[in-house]
Every structure is written in C-alpha cells, then in structure tokens.
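Structure record follows, encoded as structure tokens.
The values are calculated or read from the model by the stated rules, or taken from the named source; none is laboratory data. Because the structure is predicted, anything quoted here is derived from the model rather than measured. All Cβ positions, even for glycine, are placed from backbone atoms using ideal geometry, and neighbour counts span all protein chains on display.
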Amino acid sequence: MQKFAGIRAVLFDLDGTLIDSAPDLAGAADAMRLKRGLPSLDYAKYRPMCGSGARGMLQVAFGMSPDSADYEAMRDEFFSNYQACMLDNTHAFEGVAALIAALQALGMPWGVVTNKSERFALPLTAAMPLFTNAGAIVGGDTTPFSKPHPEPLLEAARRLGVSPGLCLYVGDDERDIVAGTAAGMGTVAATYGYLGSASDVAAWKADAQINSPTELLQLLSQA
C-alpha cells in the first residue's frame, strides 16, 4: 500500500464507478430501435457497453461504429433521448454514499473526472445530492482533451488544490488507469462497474482493484 501513503484527495470516474446510469443509457438507445420498428433488446446486452457511452450503445443497438455514414445523426438522436431520461433510473452504486460520507468525515477532498460531456455531467451531478460536496466536476469537454489523456485529471487536481502525486484516481475502464498513471496519480480499478469486453483487469496495471466502493476505505486506512 506504499503507493497510497500520503493520499490527500480522491478523484472518481462517474458512470460505472460512482453511479449506475446503465438503465437510462440503454433506454435511450432502445427507444431508437422501437422508433424504427425494431424489437427491443435485452438490457443485459447493453449493460456491459455502457461505459462507452453513445458509441457503445449504438454499437449494441444497431451494430454501428463511428465510421458509419449516419453515425453523427444517430449519435445526436441518442444524445437527445438520453438528455430527456438521464435522471429517470440512474442511481449511486450500493456503498458509494457511505464511501463519500467517510471521505468527507476524514476531511479528504474529492471530485469527478468523466468523459461524459458537461452537457450531461453538470446537470446530472447537480441533481443528485451525492455530489453536493464534490470539489471538482470535470467533463470530457472541460479541457481540450478527454481520457485517456491526463489533462482532465490534472485539471481536477488543480481545482482541488492538491498535487497530482497526492491524488488517487478510481475508475472502471482501462482508459481511467492509463490517464491516472500518466497524471502521476495512484490508480484503482473498480471491478464492480462496466468492464465491457475487457477480460483481464490485471493487464491494466492499476495499483489496486476494488470489488465494492467501500473497499477503497480499506486501502486508504492501510496506507
């Protein structure tokens, strides 16, 4: 646990790490199928790809990739659908509220770094009491870069007033670990989130893995 010694702030990915937004992401994509007279897909098909946002949802719903001719139009339709429903069924993962409360009790600043654009990330977090005391909400378009580039994480550290080397970054996707490592932060892979098609989390080379949000407290207490 040497890597976590002296940690003064914790940053988190959003979807698949703090909140379970899969029901609303899947619903936005499935509504597009129904609009076109296609049958609804089982939610279980969508869930593993929810960490990839619009790209993942359109891949599942229509077998579509970003190089498809009508991808941008379909993506914009998905975004409109999602914006209308993004608070319907989204909720914090079990244990997240307790984790955040514990961090606050320790006086440890925390924040969010997500690839979700501010168009969605800011109103979503503003509507959820969980994020009232977040010291930073950095979206995928807050800086000129998105993860796996380290700049969004560095921006969050600046907003918290904490050196990157004293920050821990927690996420459920390989790009989170790549970004955290590049930013000089300790990294933790959240295996309870949306792992997509990834089969070997160990290959991400995070400093630690957690199977539930509250396991993070154990790591910090052992540092």
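Within segment 106-126, the set of residues being under 19 Å from Asp176 (Cβ atoms) and among the small types (Gly, Ala, Ser) comprises Gly111, Ser117, Ala121. When Glu94 is tested against (1) part of a helix (DSSP H, G or I); (2) at pLDDT 95 or above, exactly one condition is not met: (1).
Checked against the criteria, Ala189 counts as surrounded by 21 or more Cβ atoms within 10 Å (Cβ to Cβ) and either of a type in the set (Phe, Trp, Tyr) or not in a loop (DSSP other than H, G, I, E, B) (or both).
When segment 69-92 is limited to residues that are surrounded by 18 or more Cβ atoms within 10 Å (Cβ to Cβ) and of a type in the set (Phe, Trp, Tyr), the one that is farthest from Ala126 (Cα to Cα) turns out to be Phe78.
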